[in-house]
Every structure is written in structure tokens, then in C-alpha cells.
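*Asks:* Starting off with a structure, shown below.
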Amino acid sequence: MNERLEQLQELLKESPQDPFLHYAITMEHVKLENKDAALEGFENMISSFTDYVGTYYHFGKFLEKQDQLERALEIYRQGMQIAQSKRNMHALGELRGAYNMALGEEDEDD
């Protein structure tokens, strides 16, 4: 196991309800291409830490890479609703751009 992942898991033992630690562990699994662990982490994030907006963008991108476009679009839509309810316009714009790009409607940077 990767040293960073081990460190994060140790920190999680001390703070099991810290959404950032769950997110960081999930992203580490993505980086290490541990697809099953990454998927499990993302699913945990959207069920346990619904308001952690950053999850939705990265989960959508992960799903796109797994050729799960419909699920990715669903995740982007959920994220846009959360971002809008939290008035996080930056995250809303990123999610909307990713959603549109996944649909082939515009460049992500537009």
C-alpha cells in the first residue's frame, strides 16, 4: 500500500467523520487506479457527506473514464443541485461545464 494512503487511513481512525479525509483517501485510490476502492469511496461520500460538493465533479469524471456516461451525468446533476443549494457558484460552474462537456455540448473551459 502507498505511504500516503496509509497516513490518511491512520488520520481517519482519529477523525472518522472528517469528510476531507474520506475524500482524500478516495482520490488516492483514483490516483493508484484502485477502481473498486475508488468507486466504494465515492459512493460512501455521496451517501454520508452529501454536501461535500467537490466529490461530484471527481466522481463524474471517474465514471466517465469507466464508460458510465449516464451515471456520470446523474452525478453531475446531483452535484449541481447541491452546489446551487449551497450557493457555491464556482462549483456549480465547474459541474455544469463537466456536464455539458460529457454531453458534447461545449468545451469544459467555456
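The values are calculated or read from the model by the stated rules, or taken from the named source; none is laboratory data. The shown structure was predicted, so the numbers you read here are calculated from the model rather than taken from an experiment. A quick note on method: Cβ atoms are made from the backbone with ideal geometry, for glycine too, and the neighbour counts reach across all protein chains shown. Areas reflect the complete protein model, heavy atoms only, side chains present, ligands, DNA and RNA absent. Shrake-Rupley method; radii C 1.70, N 1.55, O 1.52, S 1.80 Å.
*Asks:* Residue by residue through the range 1-42, note down the ones that are open to solvent by 50 Å² or more (accessible area, probe 1.4 Å) and among the acidic types (D, E).
*Replies:* Result: E3, E6, E10, E14, D18, E33, D36, E40.
*Asks:* Now, a different point. Quick test of your reading of the structure: A72 fulfils all but one of (1) touching an Asp or Glu at 6+ places or on another chain (Cβ under 8 Å); (2) within 29 Å of E6 (Cα to Cα); (3) open to solvent by 30 Å² or more (accessible area, probe 1.4 Å). Name the failing condition by number.
*Replies:* (3)
*Asks:* I've got another one for you. Is it true that M45 is within 26 Å of M101 (Cα to Cα), among the hydrophobic types (A, V, I, L, M, F, W, C) and open to solvent by 80 Å² or more (accessible area, probe 1.4 Å)?
*Replies:* Criteria not met by M45.
*Asks:* Let me spell it out: the conditions are (1) at pLDDT 95 or above; (2) open to solvent by 80 Å² or more (accessible area, probe 1.4 Å); (3) farther than 13 Å from T26 by Cβ, and D110 meets all of them except one. Which number is the exception?
*Replies:* It is condition (1) that D110 fails.
*Asks:* Looking at this structure, is D51 open to solvent by 60 Å² or more (accessible area, probe 1.4 Å), part of a loop (DSSP other than H, G, I, E, B) and under 23 Å from D18 (Cβ atoms)? Steps first, please.
*Replies:* Numbers: open to solvent by 60 Å² or more (accessible area, probe 1.4 Å): yes; part of a loop (DSSP other than H, G, I, E, B): yes; under 23 Å from D18 (Cβ atoms): yes.
Yes; evaluated as a whole, the condition is true for this residue.
*Asks:* Does any residue in the range 15-32 that is without any contact (Cβ under 8 Å) to a residue 12 or more places away in the chain come within less than 8 Å, Cβ to Cβ, of a residue that is surrounded by 17 or more Cβ atoms within 10 Å (Cβ to Cβ) and assigned to a helix (DSSP H, G or I) six or more places away or on a different chain, and which pairs are these?
*Replies:* Hits for this filter: S15/L21.
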